[in-house]
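Let me begin by presenting the structure, written as structure tokens, before commenting on it.
The values are calculated or read from the model by the stated rules, or taken from the named source; none is laboratory data. None of these values were measured; they are calculated from a predicted model. Every residue, glycine as well, gets a Cβ built from its backbone with ideal geometry; the counts of neighbours run over all protein chains shown.
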């Protein structure tokens, strides 16, 4: 159904939304009940984009059929999802979908300088929901023939080419265009079609780019990503990526031509929809936020800081297909350090390798769960570190210091990241390791160890990974998306208060007094008073629906957001894991001695009640005695 025929938002009562993932197609039914929209039912089915089915709509039908069985209502006919609601028992008012089936949107980006225009192109592609397979630059250290072979071998869905400021030299971006023309890559899907290339570089080079690539690619011209060195314009390139995703990638994928006829709005790449959802949460609550989705093959990190949205894909960090890459990049010692158990290193390696060759298996014992969650910590930690390098100030920009001097400074990739763990208000997790942890406090504990938030931070998870559907819904019916997110999607784990010690403070000075003292004013007029010492953690019961006033008084060597020793008065929201005090210091430093490290981990685990104590004792008694 075209957007012109779409039911006006105020008349929309029943909504079906699907997400066609690489392995599973998920469908949700949303309905207006009184004055608010709520999730009613959900259904899942295997995705059918590959042989022998090769028709994505079969998986959609199967997932929606599950909702039909659960509700006793009819949402499908021979033409697809019924989008003209005839009664309360038949049809819906709105049908939307997202997709990452068939590998999602896979792109290459190219630019002149690796840390400038190429990085801007990467940000544009990632923000549009793409997986960036590689980034080609004049100064990336590879020979031209290596770049040509790389382009041919990868066969991306499309290429985003940028380079040069408007009015600058055209020779370097022209060189990159000639490499693409020489490679003459064929698209991954639809071999009879020309590869889409988006040019978002120096406008003075357009005629040369057209002459070089016009006959070999489906060439599109958009505004320069870096019209001047000091400004980045990503919107036009991202919009064109979405357009080409629909015209080329979706049109050639098996069954998507039919699915596009069913939907009331354009199908969005799943990560792009999640990013839109994260941006809407930041806008709705007026906060800075980090979102993470840890999957089997990739870990996506999204953030909004200072009004700027960024997304990164760690395409080699996942919990099944890519789990050996986590071992390779993190190293065995970094995974091992999170284990309170005395596990043989060779056995740990074998567990990880077995998970890779049997990616659908889940932990069956507490020991297996602890090992898997240790691996998840490292995948999350490295994904955030990767994200910090891209979510940064524009490289190459020189800013005049705001004083009388005429000195300049270069933006540094690491120190000038936009990600500020002291100002982030919420960390929102999703993906099996976080959304489906047996105990919710385990999700909170993993995020605490991996992300090490500072100050006052709320932790939450997406209950059943609805963010893709709610993201695409927000562009059509923002009110429905916001209400379902708040009431049915978001599981508030609780709030963590993490004081940060003064750099280079001596350990004996930190231990002389409490890291912080906390006074919580309860709605019934009562008070909770707590204090915590350096190196400790505490968990305080505070229900999910409770919002309380808190006075946080850090020690003179500690900071919770207002400066060392300065008191913070704020509101704190509870959650299923309650209120957590984390005075372990930043960065978190675990003991080098193996026995002492395990004892320390056990102390924190017991304080937070992370694992069932009776089951844990069978594994850790030897660890205590060692």
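See the values below:
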{"quantity": "Count of the stretch 307-324 residues which are surrounded by fewer than 18 Cβ atoms within 10 Å (Cβ to Cβ) and in contact with a strand residue (DSSP E or B) (Cβ under 8 Å, 6 or more places away or on another chain)", "calculated": "1"}
{"quantity": "Positions within the stretch 235-288 being in contact with a helix residue (DSSP H, G or I) (Cβ under 8 Å, 6 or more places away or on another chain) and farther than 24 Å from residue 300 by Cα, in sequence order", "calculated": "251, 254, 255, 256, 257, 258, 259, 260, 262, 264, 265"}
{"quantity": "Within the stretch 403-432, tally of residues that are in contact with a helix residue (DSSP H, G or I) (Cβ under 8 Å, 6 or more places away or on another chain), at pLDDT 90 or above and not in a strand (DSSP E or B)", "calculated": "3"}
{"quantity": "Those helices (runs of 4 or more DSSP H) lying entirely in the stretch 53-171 with at least 2 residues free of Cβ contacts under 8 Å to residues at least 40 places away in the same chain", "calculated": "56-71, 144-154"}
{"quantity": "Test result for residue 18, under 25 Å from the mean Cα position of the chain (by Cα), touching a residue at least 60 places away in the same chain (Cβ under 8 Å), crowded, with 22+ Cβ neighbours inside 10 Å and closer than 22 Å to residue 267 by Cα", "calculated": "yes"}
{"quantity": "Candidates 270, 299, filtered to the one that is touching a strand residue (DSSP E or B) at 6+ places or on another chain (Cβ under 7 Å) and either closer than 30 Å to residue 257 by Cβ or in the same structural domain as residue 17 (by TED's automatic domain parsing) (or both)", "calculated": "270"}
{"quantity": "Residue 496 being closer than 30 Å to residue 467 by Cβ, in a helix (DSSP H, G or I), in contact with a helix residue (DSSP H, G or I) (Cβ under 9 Å, 6 or more places away or on another chain) and modelled with pLDDT of 95 or more", "calculated": "no"}
{"quantity": "Unique match (being touching a helix residue (DSSP H, G or I) at 6+ places or on another chain (Cβ under 9 Å) and not in a helix (DSSP H, G or I)) among 472, 476, 456", "calculated": "476"}
{"quantity": "Check on residue 561, at positive phi and surrounded by 14 or more Cβ atoms within 10 Å (Cβ to Cβ)", "calculated": "yes"}
{"quantity": "Condition check for residue 193: more than 26 Å from the chain's Cα centre (by Cα) and either closer than 17 Å to residue 124 by Cβ or buried (at least 22 other Cβ atoms within 10 Å of the Cβ) (or both)", "calculated": "no"}
{"quantity": "Count of the stretch 484-510 residues which are without any contact (Cβ under 8 Å) to a residue 24 or more places away in the chain and either surrounded by 23 or more Cβ atoms within 10 Å (Cβ to Cβ) or closer than 13 Å to residue 585 by Cβ (or both)", "calculated": "3"}
{"quantity": "Boolean, residue 528 is more than 27 Å from residue 599 (Cβ to Cβ), surrounded by 14 or more Cβ atoms within 10 Å (Cβ to Cβ) and either at pLDDT below 90 or in contact with a strand residue (DSSP E or B) (Cβ under 6 Å, 6 or more places away or on another chain) (or both)", "calculated": "yes"}
{"quantity": "Extreme residue, surrounded by the most Cβ atoms within 10 Å (Cβ to Cβ), among residues of the stretch 60-83 that are touching a helix residue (DSSP H, G or I) at 6+ places or on another chain (Cβ under 9 Å) and within 15 Å of residue 263 (Cα to Cα)", "calculated": "60"}
{"quantity": "Residue under evaluation residue 615, criteria (1) touching a residue at least 40 places away in the same chain (Cβ under 8 Å); (2) not in a helix (DSSP H, G or I), criterion not met", "calculated": "(2)"}
{"quantity": "Conditions (1) closer than 23 Å to residue 233 by Cβ; (2) free of Cβ contacts under 8 Å to residues at least 60 places away in the same chain; number of the one not met by residue 276", "calculated": "(2)"}
